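The values are calculated or read from the model by the stated rules, or taken from the named source; none is laboratory data. Keep in mind that what you see is a predicted model, and the values were worked out from it rather than measured. Counting neighbours? That spans all protein chains shown, and the Cβs are built from the backbone with ideal geometry, glycine included.
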Amino acid sequence: MKSKILVFIFLLSLRGLIDVQGQHQTVRDSKMEWWREARFGMFIHWGPYSIWGGVYHGHQQRRGGAEWIMNRCKIPVAEYQQAAAMFNPVKYNAESFVLLAKEAGMKYIIITSKHHDGFAMFKSAASKFNIVDFTPYKKDVLDELAKACRKHGMKLGFYYSQAQDWNNPGGSVARKEMSEGWANPDSVKIDAYTAANNGYWDPAQQTRSMEDYIDQVAVPQVRELLTNYGDVAVIWWDTPTRMTDEFAEKLNAELAKYPQVITNDRLKRPNYPGDYKTPEQRIPDPSELGNFDWETCMTMGSSWGYKSWDTNWKTTELLIRNLINIVSKGGNYLLNVGPTAEGEIPQQSIDGLKAIGRWMKINGEAIYGTQRSPVDKPAWGYITRKDGNTATTLYLSVCEWPADGKLVVEGLTDANSALLLAENKKLNTTKTAKGLEIQLPGQMPDPIAKVIKLELKGKLAPLETNAGQSKGFNIVDE
Ligand code: GLC
């Protein structure tokens, strides 16, 4: 009898646990819904580092993004702050940033509210090293952007360097060798100092403990960001250098007041995974991401912050195919711009984003609110998926046009209809042993990616995990 009661209690608690997990998943799914629908966002790296544009006293910074110039080139605190005190982005027009993102087809913006240099692009009572109190500009860049985002229905999130801070004493520093900046005659001395001092290169950085920096700067600033700018969609942490669980808990306590705010996986690894993973400058294989939402962040050129001598701009073809590739694997694409010190987005970025926008205007349906492909990548392009109430729709983004005009979707037995999305033009299909064959027009109408909308005869099996083994085209509900 006693054992029956114990089994009963065990089953009861198991049931309870499953319920809790289910509820947790539902809450999480509703929180992530807009984000999973959005798929495409703008990253903005902007701050006084754009004054240098990757050049220090005529020396081109050797390694890393231009936003790291203070660390890579070991710029003394006094010199960096002297320059920052002249930061005056008079050409900044927040609405033009938002309208450009909208034109590109982006649904959210993440801006560096404070990068590793410690300069706050917002009014802060926690540190005078901010755009309102420290510069002739005297206006709150984030406030202007938040207003423009609200006006145009754009979600806004803040990148915040919670650990690294090279100007507010006590903030941590990721140590970099002097040789990664420029051929400084004092390299040996400087490298010896940074090696012996937790990466710091200036005693002015060491006049406070990291704990005090967290309590007196990071926590109050995160609170300011969450309270002073209306709805915040995302907090994007970065480089948890010397972060502790204790520090992470203090920051997390601020977030806990705003359960709808989405966070990434860079607060403190491994035990603060946040809501999504952030592979950087690469498109991961889904198998490495497990059951997590993920977002690839990427530069359009070779630097996050403005780099005056950048020539390594990605082609429109690569940018659009990256977007499709990422979404076909179930991810989001966060594409970066680095405004100049005057407050303008470089023309190469504007041109690239407008070109993506022209493609998205026609083909956005194949991106927004879609899920990853039910099968591995076909040779001719990418597949995204959208489950309707009664049937699944597949979007075939064709990058390699078959010479014979016959596109085969291997493993697919049948479909209700096949359409050229842009022209809404019906295409004939034939069942073959290899799969469904779609007859395409002779010429490839879009050299970058041509979308075919394929309505299936029923619903495919639900996607269990973001990674998981491909399930094929199993219609489960006809
Ligand atoms: C890297 C860069 C950092 C940038 C981040 C964006 O960590 O070092 O400067 O902000 O990527 O993902």
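Condition first: among the β-branched types (Val, Ile, Thr) and under 24 Å from the mean Cα position of the chain (by Cα). Can you find one or more residues in region 13-31 that meet it? There is at least one residue in region 13-31 that is among the β-branched types (Val, Ile, Thr) and under 24 Å from the mean Cα position of the chain (by Cα). When region 304-349 is limited to residues that are among the hydroxyl-bearing types (Ser, Thr, Tyr) and closer than 21 Å to PHE292 by Cβ, the one that is farthest from the ligand (Cβ to nearest atom) turns out to be SER328.
Do we have any residue at all in region 446-458 that's in contact (Cβ under 8 Å) with a residue 40 or more places away in the chain, surrounded by fewer than 16 Cβ atoms within 10 Å (Cβ to Cβ) and closer than 21 Å to TRP359 by Cα? Scanning region 446-458 turns up at least one residue that is in contact (Cβ under 8 Å) with a residue 40 or more places away in the chain, surrounded by fewer than 16 Cβ atoms within 10 Å (Cβ to Cβ) and closer than 21 Å to TRP359 by Cα.
Table: residues versus (1) touching a Leu at 6+ places or on another chain (Cβ under 9 Å); (2) surrounded by fewer than 22 Cβ atoms within 10 Å (Cβ to Cβ); (3) within 26 Å of ASN291 (Cα to Cα).
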site	(1), (2), (3)
GLN221	no, no, no
ASN228	yes, yes, no
VAL234	yes, no, yes
ARG242	no, yes, no
LEU251	yes, no, yes
ALA256	no, yes, yes
VAL261	yes, yes, yes
LEU267	yes, no, yes
GLN281	no, yes, yes
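Looking across region 324-368, the residues that are closer than 27 Å to LYS307 by Cα and assigned to a loop (DSSP other than H, G, I, E, B) come down to GLY338, PRO339, THR340, ALA341, GLU342, GLY343, GLU344, ILE345, PRO346.
Test THR278 against the criterion of being within 12 Å of the ligand (Cβ to nearest atom) and touching a Cys at 6+ places or on another chain (Cβ under 8 Å), and give yes or no.
Considered against the rule, which asks whether it is within 12 Å of the ligand (Cβ to nearest atom) and touching a Cys at 6+ places or on another chain (Cβ under 8 Å), THR278 comes out as yes.
Restricting to region 62-73, and then to whatever is away from the ligand (no atom under 11 Å from the Cβ) and crowded, with 23+ Cβ neighbours inside 10 Å, can you tell me which residue is nearest to VAL232 (Cα to Cα)?
My answer is MET70.
Look through SER50, SER96 and report the one residue that is more than 16 Å from the ligand (Cβ to nearest atom), under 21 Å from the mean Cα position of the chain (by Cα), part of a helix (DSSP H, G or I) and of a type in the set (Ser, Thr, Tyr). The conditions single out SER96. Does ALA163 meet the test of being touching a Pro at 6+ places or on another chain (Cβ under 7 Å) and among the aliphatic types (A, V, I, L, M)? So ALA163 fits the description; yes. Would you confirm whether or not region 153-165 contains a residue that is surrounded by fewer than 22 Cβ atoms within 10 Å (Cβ to Cβ), more than 22 Å from the chain's Cα centre (by Cα) and at pLDDT 95 or above? No. Restricted to region 179-232, the set of helices (runs of 4 or more DSSP H) holding at least 2 residues that are under 32 Å from the mean Cα position of the chain (by Cα) and closer than 29 Å to ILE131 by Cα comprises 210-213, 219-227.
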